[in-house]
Amino acid sequence: MKKMLLLIMALFIMTGCGEKEAVESIKVFADVSLEGALNDVIEEYQKENFVNIDVVTGSTSELLSRIEKGAECDIYIPSSKEQINTLIDDKLLEQENVTPILKNSIVIIKKLQSDITVKSFDTAAEAESIAMAKESEPVGAFAREIFINLNVFKDILKMDINSCESSLDAVNSVADGKSDVGVCFETDAIANADKVQIIAAAPKDSLNSEVLYSVALLNKEEGLEPSDNAVKFAEYLDTPEAADIFDNFDFEIYIS
């Protein structure tokens, strides 16, 4: 009888382990500006799909660096085309596995109810301090591009510049009163409308390229295709169902 019980327990453990191992995990690296929306998208997706999705959010450049150093990642969603091109050049991504899905805008902000008189990007230097993401981050590169194209970058350099890790850090710098104004993604400003207010959006002719989020299905290993589950989830991110969720978080849906 004892041997029989031990056998049943062993079978139970083996069966349980087998079921657990059968659940594939997908690793997703995404710009931190997507965190809230992406969590809701995944929650909806998992209602019909039995798969673990492990999301790592952070600054676009930091995540790229981790991928280049060999970090496990199935899907990468940066906030500009530059990182996509880098991965293609590094043979870590195939062009056909890239799908643009979302757009964002760059805005200048001030603390809610602040008496700062700045009215636009080209008058930003009227303030004493400004929060911007570092230049290696897409949102930081976009900010500098805007000021350069508006011919006011020399004035910006005379300000007290608080270098931030991300768009959200720039928002927090303004909200905490550490910076008079800041440059960030529009979605981050809207998400924190109880702390900051948008002064103005970047003029259309001040940016050389779109603020574009693309889904990149990375190569598993050299010569190997992405897994079926990773492909399926990547495709879901480009569906009307996912678009509705992203729209609720104020992202603009990319139309090819």
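Here are some notes:
- For region 114-145, a residue qualifies if it is assigned to a helix (DSSP H, G or I) and either of a type in the set (Val, Ile, Thr) or under 18 Å from the mean Cα position of the chain (by Cα) (or both), and the qualifying residues are Thr123, Pro138, Val139, Gly140, Ala141, Phe142, Ala143.
- Looking across region 46-86, just one residue is of a type in the set (Phe, Trp, Tyr) and either touching a strand residue (DSSP E or B) at 6+ places or on another chain (Cβ under 8 Å) or surrounded by 22 or more Cβ atoms within 10 Å (Cβ to Cβ) (or both), and that is Tyr76.
- A count restricted to region 146-178 and to residues that are assigned to a loop (DSSP other than H, G, I, E, B), more than 19 Å from Ser114 (Cβ to Cβ) and among the basic types (Lys, Arg) stands at 1.
For (1) at pLDDT below 95; (2) out of contact with any Lys or Arg (no Cβ under 9 Å at 6 or more places or on another chain); (3) closer than 21 Å to Lys81 by Cβ, each residue gets a yes or a no:
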residue	(1), (2), (3)
Val107	no, yes, yes
Ala127	no, no, no
Asn149	no, yes, yes
Phe153	no, no, no
Leu157	no, yes, no
Cys164	no, no, no
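- Options Ala216, Ala201; residue that is among the small types (Gly, Ala, Ser) and either under 17 Å from the mean Cα position of the chain (by Cα) or at pLDDT below 95 (or both): Ala216
- Filter pass, Thr15 being β-branched (Val, Ile, Thr), modelled with pLDDT of 50 or more and open to solvent by 30 Å² or more (accessible area, probe 1.4 Å): no
- Restricted to region 127-155, and to residues there that are free of Cβ contacts under 8 Å to residues at least 40 places away in the same chain and out of contact with any strand residue (DSSP E or B) (no Cβ under 9 Å at 6 or more places or on another chain), the residue that is surrounded by the most Cβ atoms within 10 Å (Cβ to Cβ) is Val152.
- Flag for Gly182 being on the phi > 0 side of the Ramachandran plot and touching a residue at least 12 places away in the same chain (Cβ under 8 Å): no
- Just one residue in the set Thr123, Thr117, Thr187 is of a type outside the set (Gly, Ala, Ser) and modelled with pLDDT under 95; that residue is Thr117.
- Candidates in region 156-172 are the residues that are among the small types (Gly, Ala, Ser) and buried (at least 22 other Cβ atoms within 10 Å of the Cβ); of these, the one that is farthest from Gly58 (Cα to Cα) is Ala170.
- Any hit, region 104-113, residues being in contact (Cβ under 8 Å) with a residue 60 or more places away in the chain, open to solvent by less than 10 Å² (accessible area, probe 1.4 Å) and part of a loop (DSSP other than H, G, I, E, B): no
The values are calculated or read from the model by the stated rules, or taken from the named source; none is laboratory data. None of these values were measured; they are calculated from a predicted model. As a convention, Cβ positions derive from the backbone with ideal geometry for all residues, glycine included, and neighbour counts pool all protein chains shown. Note: accessible area is taken over every heavy atom of the protein model, side chains too, but ligands, DNA and RNA are not part of it. Shrake-Rupley method; radii C 1.70, N 1.55, O 1.52, S 1.80 Å.
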